[in-house]
Amino acid sequence: MIVQETKSKELILEMLKDVKKIFLVGCGDCATVCEAGGENDLKNITEFLESEGKKVTGKIVPDTSCHIPDVKMGMKKHAKELEDADAIGVMSCGAGVQSLGTLYEEKIVYPLNNPLFLGNTERFGQHVEYCSACGECRIDQFGAICPVTRCYKGILNGPCGGVNNGMCEIGNDTPCAWVLAYERLEKQNRLDNLKEPVQSKNWAAHLRPMRHLNPSNIKKMEEKAAKRAAKEAQKGK
Amino acid sequence: MKTVREAFEAGEFIITGECGPPKGTDIKEMLHHAEGMVGCVHGINVTDNQSSVMRIASLPVCKMLLDLGHDPVFQITGRDRNRLAIQSDLLGAHILGIRNVLCLTGDGVQAGDHKNAKPVFDMESVQILQAVDSLNNGKDMAGNDLKGSTGLFPGAVVTPESNPIEPQLMKFEKKVGAGAKFFQTQAVYDAENFKKFMKYARQFDTKVMAGLVLLTSAGMANYMNKFVPGVTVPQNLIDRMKEAGKEKAIDTGIDIMCEFINETKDSCDGVHIMAIGKEELVPEIVKRAGLA
């Protein structure tokens, strides 16, 4: 899940200072879980904006705002409300904001949330960052604890000198990922895993902007290409 | 005076000092301190944006100290440089005549004066040591041939007071394996604990120098206990600093350091003296410790 939070009211007002009429978009997925883009959150922000003299022309909470075709489909019913608005305010992560930006290039799109991290839910309403989608995962070596993400420095060969009673030097009650990995591997009797130096990370596995096709999409593309080639070969004959 | 490498190879007890480049271009005081240490230390570390506070870069200062007659120890961290910059700085160090390089991960940027900076950490201490080894052997990290290899003498740091200690020791062993020829420890004050660490470290083919930070007041000792990870100043030393009062504080700090040196010099290979801001005292410390 993309953990996120809604910007402060002051910041939203500052950002929207020239906007009189706005269409609001939430997200039924991560933003809803984070209480930052569900139906109720949109209702609250509407009340706030209207109390500040702005008009909310309409609103929608797509199932997942990062799904561009779904957002487009859902927005069909709101064409008039969107037309009446001079801007779109999106309560979702930046992916959702950009879905709207991509679909409605003539509109100014404002991000009302700050996307924070790719999060695990520890317990209801409480999230932590365990993974940073770095492109190549080999955390089996570290007792399934990701040092790229859970160590402030993202280092791969053990703790730095900043570990303090098992905690990270950055504070915030953050445990040292290397102490956690050490303890877990010790339990598994696999401390030998930590003895070999680990090479610097391959950042080419995470060259931005990333693209991805599902295996079935790749298969379809290959089939199409084969058909095309066969057709051309026939033509050639 | 022998260079760091020569002295280690001759089995001598090594003394290194430290120089923290200033923030800004006025280097008079720094050079004055450095001049005072010529002839009384084998080597002199030059810190690399220490505590993540932006200052003059380590490399040009190393060159200036080399010209003064020092054998500088170039501190290089992974905090501000990716692997291209680290390797090119190492090549640069070699052509300037700098030979010793202390390979560090680096403090977090949150500790310093540019808290919004992007921390790099493309490489950490073990990987930087590996890069030095590779450059010394004529190849870069990507396996490309170099036109002329480096002749660098790599060192690293270890924190004997780290808690828990086991993951730290595992990393120490990795650093030895990655080619660390010498270690300077994080500041140590507990001689017994240090000797215990040395008993362990003696299993490995590397040199270890005790890292010593001069205590200048009880307040500073308390500050280190509270805010510097991996450093423990025992209560009896804090009490001594308190009793010493303002006038005798520095003198007592020097006494404490000399006592530590005397108690541990047979169990380690040298001392790294960090007289932060009081570098002019290093010759006196060396003399009083009986090392001159």
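The values are calculated or read from the model by the stated rules, or taken from the named source; none is laboratory data. No experiment lies behind these values; they were computed from the predicted model shown. All Cβ positions, even for glycine, are placed from backbone atoms using ideal geometry, and neighbour counts span all protein chains on display. Surface accessibility is based on the protein's heavy atoms, side chains included, excluding ligands, DNA and RNA. Shrake-Rupley method; radii C 1.70, N 1.55, O 1.52, S 1.80 Å.
Could you tell me which numbered condition B:Asp107 fails, if it satisfies all but one of (1) closer than 18 Å to B:Met274 by Cβ; (2) part of a helix (DSSP H, G or I)?
Condition (2) is where B:Asp107 drops out.
Is there a residue in segment A:73-82 that is in a loop (DSSP other than H, G, I, E, B), at pLDDT 95 or above and either surrounded by 16 or more Cβ atoms within 10 Å (Cβ to Cβ) or of a type outside the set (Lys, Arg) (or both)? Break it down into steps so the answer makes sense when it comes.
The initial filter retains those residues of segment A:73-82 that are in a loop (DSSP other than H, G, I, E, B), namely none.
Within segment A:73-82, not a single residue is in a loop (DSSP other than H, G, I, E, B), at pLDDT 95 or above and either surrounded by 16 or more Cβ atoms within 10 Å (Cβ to Cβ) or of a type outside the set (Lys, Arg) (or both).
Name the residues in segment A:20-53 that are in a loop (DSSP other than H, G, I, E, B) and either more than 26 Å from A:Phe124 (Cα to Cα) or of a type in the set (Phe, Trp, Tyr) (or both), would you?
Scanning segment A:20-53 gives A:Lys20, A:Glu52, A:Gly53.
What single numbered condition from (1) more than 9 Å from chain B (Cβ to nearest Cβ); (2) assigned to a loop (DSSP other than H, G, I, E, B) fails to hold for A:Gly158?
(1)
Please identify the pairs in which a residue from segment B:160-181 that is touching a residue at least 24 places away in the same chain (Cβ under 8 Å) and among the hydrophobic types (A, V, I, L, M, F, W, C) has its Cβ atom under 6 Å from the Cβ atom of a residue that is open to solvent by 10 Å² or more (accessible area, probe 1.4 Å) and assigned to a loop (DSSP other than H, G, I, E, B), counting only partners at least 6 apart or on another chain.
B:Val176/B:Phe204; B:Val176/B:Thr206; B:Ala178/A:Pro197; B:Ala180/B:Thr206
Looking at the structure I just gave you, is A:Asn157 in contact (Cβ under 8 Å) with a residue 60 or more places away in the chain and over 21 Å from the mean Cα position of the chain (by Cα)? Working first, answer last.
Details: in contact (Cβ under 8 Å) with a residue 60 or more places away in the chain: no; over 21 Å from the mean Cα position of the chain (by Cα): yes.
No: the conditions fail for A:Asn157.
So, in segment B:162-184, exactly how many residues are touching a Gly at 6+ places or on another chain (Cβ under 8 Å) and facing chain A (nearest Cβ under 10 Å)?
The qualifying residues number 8.
Of the residues B:Gln127, B:Gln75, B:Gln87, which single one is modelled with pLDDT of 95 or more, in a helix (DSSP H, G or I) and within 19 Å of A:Gly162 (Cα to Cα)? Can you show your working first?
Working: B:Gln75 fails: in a helix (DSSP H, G or I); B:Gln87 fails: within 19 Å of A:Gly162 (Cα to Cα).
Going through B:Gln127, B:Gln75, B:Gln87 in turn, just one is modelled with pLDDT of 95 or more, in a helix (DSSP H, G or I) and within 19 Å of A:Gly162 (Cα to Cα): B:Gln127.
Taking segment B:239-273 on its own, how many of its residues are over 15 Å from B:Ile285 (Cα atoms) and in contact with a Leu (Cβ under 7 Å, 6 or more places away or on another chain)?
Result for segment B:239-273: 1.
Hey, among the residues in segment A:161-171 that are open to solvent by less than 50 Å² (accessible area, probe 1.4 Å) and more than 7 Å from chain B (Cβ to nearest Cβ), which one's modelled with the lowest pLDDT?
A:Gly171
All but one of (1) within 14 Å of chain A (Cβ to nearest Cβ); (2) open to solvent by 10 Å² or more (accessible area, probe 1.4 Å); (3) touching a residue at least 12 places away in the same chain (Cβ under 8 Å) hold for B:Ala156; which doesn't?
(2)
With the structure loaded, tell me whether B:Val61 is within 23 Å of B:Gly277 (Cβ to Cβ) and in a helix (DSSP H, G or I) or whether it fails that test. Don't jump to the end; show me each part of the working.
On the way: within 23 Å of B:Gly277 (Cβ to Cβ): yes; in a helix (DSSP H, G or I): yes.
Yes; evaluated as a whole, the condition is true for this residue.
If I ask for residues that are small (Gly, Ala, Ser) and either within 16 Å of B:Glu192 (Cα to Cα) or under 21 Å from the mean Cα position of the chain (by Cα) (or both), which ones from segment B:235-292 would you list?
Of all residues in segment B:235-292, those small (Gly, Ala, Ser) come to B:244-245, B:249, B:253, B:267, B:270, B:275, B:277, B:289-290, B:292.
If the condition is that a residue be small (Gly, Ala, Ser) and either within 16 Å of B:Glu192 (Cα to Cα) or under 21 Å from the mean Cα position of the chain (by Cα) (or both), then B:Gly253, B:Ser267, B:Gly270, B:Ala275, B:Gly277, B:Ala289, B:Ala292 are the ones that fit.
Considering B:Gly138, B:Gly143, which residue is open to solvent by 10 Å² or more (accessible area, probe 1.4 Å), over 15 Å from A:Val198 (Cα atoms), more than 22 Å from the chain's Cα centre (by Cα) and within 14 Å of another protein chain (Cβ to nearest Cβ)? Outline the logic, then answer.
On the way: B:Gly138 fails: within 14 Å of another protein chain (Cβ to nearest Cβ).
None of the others qualify; the one that does is B:Gly143.
Looking at the structure I just gave you, is A:Glu136 open to solvent by 50 Å² or more (accessible area, probe 1.4 Å), on the phi < 0 side of the Ramachandran plot and not assigned by TED's automatic domain parsing to the domain that holds A:Ile45?
yes
So if I check each of B:Phe197, B:Phe183, B:Phe204, which one is in a helix (DSSP H, G or I) and at pLDDT 95 or above?
B:Phe197
For segment A:175-194, give me each residue that is without any contact (Cβ under 8 Å) to a residue 24 or more places away in the chain and part of a loop (DSSP other than H, G, I, E, B).
Selection gives A:Asn189 alone.
Any idea which residue in segment B:102-130 is farthest from the other protein chains (Cβ to nearest Cβ), counting only those that are open to solvent by less than 20 Å² (accessible area, probe 1.4 Å) and in contact with an Asp or Glu (Cβ under 8 Å, 6 or more places away or on another chain)?
B:Gly106
Going by the conditions given, is A:Glu169 in contact with an Asp or Glu (Cβ under 9 Å, 6 or more places away or on another chain), of a type outside the set (Gly, Ala, Ser), in a loop (DSSP other than H, G, I, E, B) and assigned by TED's automatic domain parsing to the domain that holds A:Arg138?
In short, yes.
Inspect all residues belonging to segment A:195-207 and state whether any of them is aromatic (Phe, Trp, Tyr), within 12 Å of chain B (Cβ to nearest Cβ), out of contact with any Gly (no Cβ under 7 Å at 6 or more places or on another chain) and open to solvent by 50 Å² or more (accessible area, probe 1.4 Å).
yes
Consider B:Phe197 carefully, then state whether it is open to solvent by less than 10 Å² (accessible area, probe 1.4 Å), under 29 Å from B:Gly253 (Cβ atoms) and aromatic (Phe, Trp, Tyr). Explain how you work it out, then say what you get.
Numbers: open to solvent by less than 10 Å² (accessible area, probe 1.4 Å): no; under 29 Å from B:Gly253 (Cβ atoms): yes; aromatic (Phe, Trp, Tyr): yes.
The answer is no for B:Phe197.
Could you tell me whether A:Ile88 is among the β-branched types (Val, Ile, Thr), touching a Leu at 6+ places or on another chain (Cβ under 8 Å), touching a residue at least 12 places away in the same chain (Cβ under 8 Å) and open to solvent by 60 Å² or more (accessible area, probe 1.4 Å)?
It is false that A:Ile88 is among the β-branched types (Val, Ile, Thr), touching a Leu at 6+ places or on another chain (Cβ under 8 Å), touching a residue at least 12 places away in the same chain (Cβ under 8 Å) and open to solvent by 60 Å² or more (accessible area, probe 1.4 Å).
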